[in-house]
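Nothing in this text is a laboratory measurement; each read-out follows from the coordinates by a stated rule. In this text the structure is predicted, and so the values were computed from the model without any measurement. FYI the Cβ positions are ideal-geometry reconstructions off the backbone, even for glycines, and counts take in every protein chain you see.
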Amino acid sequence: MKAMILAAGLGTRLLPFTESTPKPLFTISGRPLLDVIIHSLQSAGCKAVIINTHHLYKNIDSFLASQHYTIPVYTLYEPMILGTAGAIKNAADFWDTQPFMVINSDIVTDIDLRKVYAFHLNHNHHATLVLHDCAEFNNVWVDKNDFITGIRDQGKEAKHGSTRKLAFTGIQVLDPEILELIPDRIFSDSVGVYRKLISSGKKVKAYISKKYYWKDIGTPERYKETVFDKMAPQAFKQAFPGCLCKKIECSKLKGDGSDRTWYRLTAAGQSIIMVDHGIRKEPGISEPGISEIDSFVLIGRHLYDKGISVPGIYLYDTFSGIVFLEDLGDVNLQAVVKAGKKILSYYKSIIKLLIKMSVSGVKQFDRSWTYQTPYYDKEVILENECRYFVDAFLRRYLKLNICYNDFKDEFILLTDKALEFSVNGFMHRDFQSRNIMIKDGKPYFIDFQSGRMGPIQYDLASLLIDPYVALSCHVQDQLLDYCIDKLSSYIHIDKKKFCLCYKYCAITRNLQILGAFGYLSRVKGKTYFEQFIPAATESLKYNLSAVEDTQFPRLKSVISKVKDFNQEITKVRKS
């Protein structure tokens, strides 16, 4: 048996994702559909495969060049798409005297292709189409003897006594004689060929599959459904070996500041978390690039291997954007602080884990894993914190007529001071109470995908000035001293220099927080974050007052001109 995989389509229903990745290279568990189909054909006894290509054909060629199959796999480029039948005729030189199989490149199925081929060999008709019952796609009329009497033609039911409508799976077996019915070098659809066969009195046989899995990935929704169907059971087996998850329940969890979507999956009394980063828009399998999900997986696994308290990652697919990971429950540090139980004890244990993450996490850390910047450097501070604060908070949120250049000199000074005495290691970058889960009394860190090399003082400041919990200044100072004491057992610490860096990192972090709250509230419509702006603004006032009087006069002035930030923000929220 030889086979053709139809892979020339534009994938227009999957835009914009097919702009950079052809549909056959969409992945499930990291494997492109094209690879899955080739292996299925190989297992079914296929001796050679040809793939027609057009859209992003070089991506497909590049992928195939990296593989090592046990059978020959060829591609046949179509400068102009020839249609399903036209593609078959265009490959006429590839076929021999035996029946051949043709299969669509956008389907996922466990239908036994060897049985399909054997079925065709056991009858004397020129074509076998594999059909199944799928209400959404049922448009093929079949009579009681499993012969096809019409396709996309309602009138055939009465004329030919058809008993039912079924759907074409995209799998067919054809005799070489079928090529005589297909015109040369012009667009030709298989439906027209089968209608010609039927109208001439010849028969097209239906192979009807009943116990099977089948889904096409023609739309983003169907692709995501397919990924879930295939990967969720695998993830449960990874997490809980021997778990019989016949039915998996999926419930959406409350979102936060990011655009990712979170779900809790439950089966057989166990649960895992699924996070959806969204389908990849940039080049995928053939031209890999680092995106947020890549960093999430690479950094998460690195930290886990270093013994850092992060969730275990069971399974992932970086193209579909799906990751399955350990369920750490619903209680975060913010909730624990609100409950008022053992607050200092929790913070001290978290600080010890923070130190471990900074010191151990930097070992064998590959800077290429970062999707933003490998270091917390001047550019990050100036653009992602200082400018962010001015544009997203002062200008967009508070609607003040202020520009970044008004503070440029002060921001440059702030940047230099924040980096001058930094104690560098692995930096989480968003180390706050909502990213610290508490499970069975133990803290775990989440949302580590923005991790990079940087000062531990920044993560410590993120933890202590966190507006979600608004720790008192006394408690912040107490925990700062505790961190210095514990860190001193790992490396030599100059307390004065450490605290100076901490003060400036607290300011840069405070600017980032307010920028984020302004952006999330005003641009993303997540007004939930507005309630924390007053605490963050008071914190910024306090942190600026902790540095020399001569430093940052313009920044201090703009804050002092808003006589009552809380009152001003209340006005903004009502506008």
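Based on the Cβ-Cβ distance of Cys250 and Arg185, what FRET efficiency does E = 1/(1 + (r/R0)^6) give at R0 = 41 Å, to the nearest 0.05? Don't skip to the answer; put the middle values down first.
Details: r = 49 Å, r/R0 = 1.19.
The pair Cys250/Arg185 has a calculated efficiency of 0.25.
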Spin-label model distance (nm) - His123 vs Asp485, 7 Å beyond Cα toward Cβ:
8.3 nm
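In whole percent, what relative contact order does the chain give with Cα contacts below 8 Å and a gap of six or more residues? List each step's numbers first, then the result.
Details: 991 pairs, mean separation 65.1, N = 575.
Across the chain, relative contact order equals 11 percent.
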So how much slack lies between Glu538 and His492, counting 0.36 nm per residue of separation and subtracting their Cα-Cα distance, in nm?
13.2 nm
By a straight-distance test (C-alpha under 26 Å), which lysines pair with Lys196 as possible cross-link partners, with residues fewer than eight away in the same chain excluded?
Lys2, Lys89, Lys144, Lys156, Lys159, Lys165, Lys205
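Efficiency by 1/(1 + (r/R0)^6): what FRET value for Ala48 and Asn145, r their Cβ-Cβ distance, R0 = 45 Å, to the nearest 0.05?
Values: r = 33 Å, r/R0 = 0.74.
Given R0 = 45 Å and the Cβ-Cβ separation, E is 0.85.
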What is the distance, in nm, between label points placed 7 Å from the Cα along the Cα-to-Cβ direction at Glu282 and at Arg554?
3.3 nm
Quote to one decimal, in nm, the extra length available between Lys439 and Asp406 on full extension: 0.36 nm per residue of separation minus the C-alpha distance between them.
7.3 nm
Once you have the alpha carbon radius of gyration of the chain, what is it after dividing by 2.2 N^0.38 Å, with N set to its residue count?
1.24
Which three lengths, in whole Å and largest first, does region 342-574 cover when its Cα atoms are put on their principal axes?
47, 39, 37
HN-Hα J in Hz across region 213-220 - Karplus 6.51, -1.76, 1.60, θ = phi - 60°, x for Gly and Pro
10, 8, 7, 9, 10, x, 10, x
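Taking R0 as 22 Å, what's the FRET efficiency between Ile71 and Asp93 from their Cβ-Cβ distance, rounded to 0.05?
Details: r = 18 Å, r/R0 = 0.81.
Step by step, r from the Cβ atoms, then E = 0.80.
For the chain, what is the mean residue ellipticity at 222 nm derived from helices alone (per DSSP H run of n ≥ 4: -39500 (n - 2.57); sum divided by total residues; nearest 500 deg cm²/dmol)?
Working: 17 runs with 209 residues, N = 575.
Only helices count here, giving -11500 deg cm²/dmol.
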Under 15 Å from a point 7 Å along the Cα-to-Cβ line of Ser199: which residues of region 164-185 have their amide N that close?
181-183
